[in-house]
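Remarks on the structure that follows.
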């Protein structure tokens, strides 16, 4: 699969079997947002999604980063609730 941003900044997926871009599922969009932020810490966050309920898991070094991850996920269409299980640890 190839992922890319369309000119209007919508995220799309292009499969190997089709030239038609597909809009991502909510779970794919959540993963995309966490992987593409400017915060390298958020790239290690795991995201589980079931029926619009997202659970975030992983480790970050500040409560601010924990909140940033949660805020990003809440903006995704299809996300009804977020359970933030991210652990804050000090290096």
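The values are calculated or read from the model by the stated rules, or taken from the named source; none is laboratory data. The structure displayed is predicted, hence computed values, not measured ones. Here Cβ is always computed from backbone atoms with ideal geometry, including for glycine, and neighbour counts include all displayed protein chains.
Scanning the stretch 38-70 for residues that are closer than 13 Å to residue 26 by Cβ and either in a strand (DSSP E or B) or touching a helix residue (DSSP H, G or I) at 6+ places or on another chain (Cβ under 8 Å) (or both) yields a total of 7.
Scanning the stretch 17-43 for residues that are modelled with pLDDT of 90 or more, surrounded by 13 or more Cβ atoms within 10 Å (Cβ to Cβ) and over 14 Å from residue 84 (Cα atoms) yields 39, 41.
Looking only at the stretch 71-91, residues that are within 18 Å of residue 25 (Cα to Cα) and touching a strand residue (DSSP E or B) at 6+ places or on another chain (Cβ under 7 Å) come to 6 in all.
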